[in-house]
Amino acid sequence: MTISPISPLVPREGERLLSGWGRTAPSMATVLPVTSVTDVLAAVSAAGPRGILARGLGRSYGDAAQSGGATVLDLSALAQVHVDTAAGVVSCGAGASLDDLLRTLVPAGYFVPVTPGTRMVTVGGAIAADVHGKNHHVEGTFGSHVSSMTIVDGRGEERVLEPGDPAFWATVGGMGLTGVVAEAAFDLIPISTSMVSVDTDRTADLDELMDRMVSGDDAYRYSVAWVDSAHPSGRGVLTRGDHAPVERLPARDREQPLAYDPRVLATVPVVMPKGLVNPLTMRAFNEAWYRKAPKHRVGELQPIASFFHPLDILQDWNLGYGPAGFLQYQFAVPDDSGHLVSLALDRLRRIGAISPVTVLKRFGAANAGPLSFPQPGWTLAIDVPADVPGLADALDDLDGLVLAAGGRLYLAKDSRMSPEMMAATYPRLSEWRRVRDEMDPDRVFVSDLSRRLLL
């Protein structure tokens with residue numbers, strides 16, 4: 001046997017090995033920084049046979065923001081921010097991160113309309129994945145708050161899209177496959193402090209947790225539940241709240257009610273041969289996390305960063321899963337199929353797929369995006385190491401249950417769904433393809449995800 005002296009994953013000049021946050025399927029691409037819309041136009045016009053793709057901060061979990069052999073645009077320089085404080089609207093470059101925005105917005109008395117569980121995502125990525133947060137049951141997805149965006153389509157043309165245009169909704173949730181978002185404008189939430197008033201309830205089992213969410217979530221702007229995936233009962237911790245008014249602050253904090261300075265407290269080491277996440281450590285962690293939560297507490301003041309982005313205090317936390325990486329399985333199902341939450345937890349627990357991050361939320365109404373993920377009902381997200389024995393078969397079984405229930409999986413988290421599952425669970429896929437083909441007739445925009453799912 002002859003061993004090649006050069007690994008196929010060794011980058012050539014200008015190339016980089018890219019992966020999603022789960023680190024499960026890296027691929028090599030030429031990364032091209034751009035500093036203006038003019039640069040984007042030129043890059044799209046010069047796209048090669050493997051196509052082109054925009055990439056933000058790489059926080060989609062699977063293969064959505066990578067494209068083997070293609071040109072991948074680094075939009076981080078497109079980060080200008082302009083806040084209209086009178087109108088409560090922000091205009092910014094697609095490369096601006098929510099972290100960038102919040103450091104400007106919070107001291108000015110505003111909050112982003114929707115944030116996922118990390119602030120380390122770009123505005124372009126938030127639109128492409130149509131991210132949701134703890135307030136979907138009240139205020140919908142990020143894309144629902146965008147008033148306009150500037151994109152470069154597959155014809156190499158600059159276009160301004162607004163919500164009345166089908167191309168707008170094909171781009172919202174379109175995973176970067178309709179064009180490169182360069183700029184966007186969206187509305188903001190006015191706030192008077194940088195604190196959140198939080199009510200916490202620790203529940204004995206999953207039934208109690210879900211009952212509390214159904215009966216009480218409408219009284220809160222934000223709601224999220226952590227579930228103990230190691231415990232057969234599905235016990236959990238429910239936290240709900242809203243932005244705190246100034247009068248709720250202690251007197252010593254009222255002089256600077258909008259102080260905001262989130263910090264990274266630790267970094268996971270790069271070398272983690274076996275990973276920190278295994279059944280033994282996760283049972284111990286989940287037990288401690290459940291026990292530390294109060295059984296019932298009302299009106300606790302928590303900083304914005306602690307309530308919305310608790311994992312961001314640990315830089316590179318994804319490395320804790322070890323060299324095999326991890327995946328997140330996130331599904332949405334209608335209210336009448338809420339029993340799938342229990343079935344999924346049980347199925348994964350039986351093979352030792354125990355997670356420190358298992359999140360349950362309620363979704364409100366869907367928006368007009370053909371590929372937008374949320375639909376009314378339940379969504380469960382569970383992070384598991386990618387090398388758990390039997391994981392592939394377990395997830396295939398769960399796919400079948402989600403499909404039969406009229407549910408779907410989230411493209412921004414997916415790393416292993418089949419094309420058949422995609423077509424069956426996104427019934428407006430053909431509608432999206434018609435608009436995409438008008439925007440990108442030569443299929444210039446391609447990702448590893450789009451190849452895998454035959455989009």
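Could you tell me whether the range 83-104 includes any residue that is closer than 30 Å to SER430 by Cα, assigned to a helix (DSSP H, G or I) and either of a type outside the set (Val, Ile, Thr) or not assigned by TED's automatic domain parsing to the domain that holds ILE52 (or both)?
So far as the range 83-104 goes, no, none of its residues is closer than 30 Å to SER430 by Cα, assigned to a helix (DSSP H, G or I) and either of a type outside the set (Val, Ile, Thr) or not assigned by TED's automatic domain parsing to the domain that holds ILE52 (or both).
Tell me whether the range 358-366 contains one or more residues that are at pLDDT below 95, among the small types (Gly, Ala, Ser) and buried (at least 19 other Cβ atoms within 10 Å of the Cβ). Steps first, answer last, please.
So in the range 358-366, the residues at pLDDT below 95 come out as none.
Scanning the range 358-366, I find no residue that is at pLDDT below 95, among the small types (Gly, Ala, Ser) and buried (at least 19 other Cβ atoms within 10 Å of the Cβ), so the answer is no.
Identify, from the list ALA126, ALA184, ALA167, the residue that is within 22 Å of ALA366 (Cα to Cα), assigned to a strand (DSSP E or B) and modelled with pLDDT of 95 or more. Talk me through it step by step, then tell me what you get.
Values: ALA126 fails: assigned to a strand (DSSP E or B); ALA167 fails: assigned to a strand (DSSP E or B).
Sole residue among the options that is within 22 Å of ALA366 (Cα to Cα), assigned to a strand (DSSP E or B) and modelled with pLDDT of 95 or more: ALA184.
Going through TYR329, TYR290, TYR260 one at a time, which residue ends up being modelled with pLDDT of 90 or more, part of a loop (DSSP other than H, G, I, E, B) and within 25 Å of the chain's Cα centre (by Cα)?
Working: TYR329 fails: part of a loop (DSSP other than H, G, I, E, B); TYR290 fails: part of a loop (DSSP other than H, G, I, E, B).
Among TYR329, TYR290, TYR260, only TYR260 is modelled with pLDDT of 90 or more, part of a loop (DSSP other than H, G, I, E, B) and within 25 Å of the chain's Cα centre (by Cα).
Just to be sure I understand the filter: pairs with C-beta atoms under 6 Å, separated by 6 or more residues or on different chains, first member in the range 427-455 and under 17 Å from PHE373 (Cβ atoms), second member at pLDDT 95 or above and loosely packed, with under 14 Cβ neighbours inside 10 Å. Which pairs pass?
LEU453/PRO419
So which of ASN286, ASN318 ends up being crowded, with 17+ Cβ neighbours inside 10 Å and either in contact with a Lys or Arg (Cβ under 9 Å, 6 or more places away or on another chain) or hydroxyl-bearing (Ser, Thr, Tyr) (or both)? Break it down stepwise before answering.
Numbers: ASN286 fails: either in contact with a Lys or Arg (Cβ under 9 Å, 6 or more places away or on another chain) or hydroxyl-bearing (Ser, Thr, Tyr) (or both).
Only one candidate passes the filter, namely ASN318.
Would a scan of the range 75-82 turn up a residue that is free of Cβ contacts under 8 Å to residues at least 12 places away in the same chain, of a type outside the set (Gly, Ala, Ser), in contact with a strand residue (DSSP E or B) (Cβ under 7 Å, 6 or more places away or on another chain) and surrounded by fewer than 20 Cβ atoms within 10 Å (Cβ to Cβ)?
yes
Does TRP432 satisfy the criteria of being farther than 30 Å from PRO323 by Cβ, over 20 Å from the mean Cα position of the chain (by Cα) and crowded, with 21+ Cβ neighbours inside 10 Å?
Details: farther than 30 Å from PRO323 by Cβ: yes; over 20 Å from the mean Cα position of the chain (by Cα): yes; crowded, with 21+ Cβ neighbours inside 10 Å: yes.
Judged against the criteria, TRP432 is a match.
Of the residues in the range 47-72, how many are over 17 Å from VAL181 (Cβ atoms) and in contact (Cβ under 8 Å) with a residue 24 or more places away in the chain?
So the count comes out to 8.
List the number of the failed condition for LEU411; all other conditions in (1) under 17 Å from ALA64 (Cα atoms); (2) touching a helix residue (DSSP H, G or I) at 6+ places or on another chain (Cβ under 6 Å); (3) not hydroxyl-bearing (Ser, Thr, Tyr) hold.
If we test LEU411 against (1) under 17 Å from ALA64 (Cα atoms); (2) touching a helix residue (DSSP H, G or I) at 6+ places or on another chain (Cβ under 6 Å); (3) not hydroxyl-bearing (Ser, Thr, Tyr), just (2) comes out false.
Hey, could you check the range 25-50 for residues that are touching a strand residue (DSSP E or B) at 6+ places or on another chain (Cβ under 6 Å) and in a loop (DSSP other than H, G, I, E, B) and say which is nearest to LEU319 (Cα to Cα)?
Applying the filter and picking the extreme gives PRO26.
VAL237 fails exactly one of the following numbered conditions: (1) free of Cβ contacts under 8 Å to residues at least 40 places away in the same chain; (2) closer than 20 Å to ILE304 by Cβ; (3) touching a helix residue (DSSP H, G or I) at 6+ places or on another chain (Cβ under 7 Å). What is the number of that condition?
In the conditions (1) free of Cβ contacts under 8 Å to residues at least 40 places away in the same chain; (2) closer than 20 Å to ILE304 by Cβ; (3) touching a helix residue (DSSP H, G or I) at 6+ places or on another chain (Cβ under 7 Å), VAL237 misses (1) alone.
Of all residues being assigned to a helix (DSSP H, G or I) and under 22 Å from the mean Cα position of the chain (by Cα) in the range 437-454, which is surrounded by the fewest Cβ atoms within 10 Å (Cβ to Cβ)? Just the residue, please. Walk me through it before giving the result.
Start the filter on the range 437-454 by keeping residues that are assigned to a helix (DSSP H, G or I), which leaves 437-439, 448-452.
Those still in the list that are under 22 Å from the mean Cα position of the chain (by Cα) too: 448-452.
Numbers: ASP448: 25, LEU449: 27, SER450: 21, ARG451: 16, ARG452: 19.
That would be ARG451.
Specify the residue that is surrounded by the most Cβ atoms within 10 Å (Cβ to Cβ); the eligible residues are those in the range 367-417 that are at positive phi and in a loop (DSSP other than H, G, I, E, B). Step through it out loud before you land on a result.
Within the range 367-417, the first condition is being at positive phi, and the residues that meet it are 377, 390, 406.
Within this subset, residues satisfying the condition of being in a loop (DSSP other than H, G, I, E, B) are 390, 406.
Details: GLY390: 13, GLY406: 15.
If we take residues in the range 367-417 being at positive phi and in a loop (DSSP other than H, G, I, E, B), then GLY406 is surrounded by the most Cβ atoms within 10 Å (Cβ to Cβ).
Tell me, yes or no, whether the range 209-221 has at least one residue that is touching a Phe, Trp or Tyr at 6+ places or on another chain (Cβ under 9 Å) and either more than 26 Å from GLY377 (Cβ to Cβ) or buried (at least 17 other Cβ atoms within 10 Å of the Cβ) (or both). Steps first, answer last, please.
Of all residues in the range 209-221, those touching a Phe, Trp or Tyr at 6+ places or on another chain (Cβ under 9 Å) come to 210, 213.
Add one more test, that the residue is either more than 26 Å from GLY377 (Cβ to Cβ) or buried (at least 17 other Cβ atoms within 10 Å of the Cβ) (or both), and what stays is 210, 213.
Yes, that holds for at least one residue.
The values are calculated or read from the model by the stated rules, or taken from the named source; none is laboratory data. Remember, it's a predicted structure, so these values are computed and weren't measured experimentally. So basically every Cβ, Gly included, is an ideal-geometry build from the backbone, and we count neighbours across all protein chains shown.
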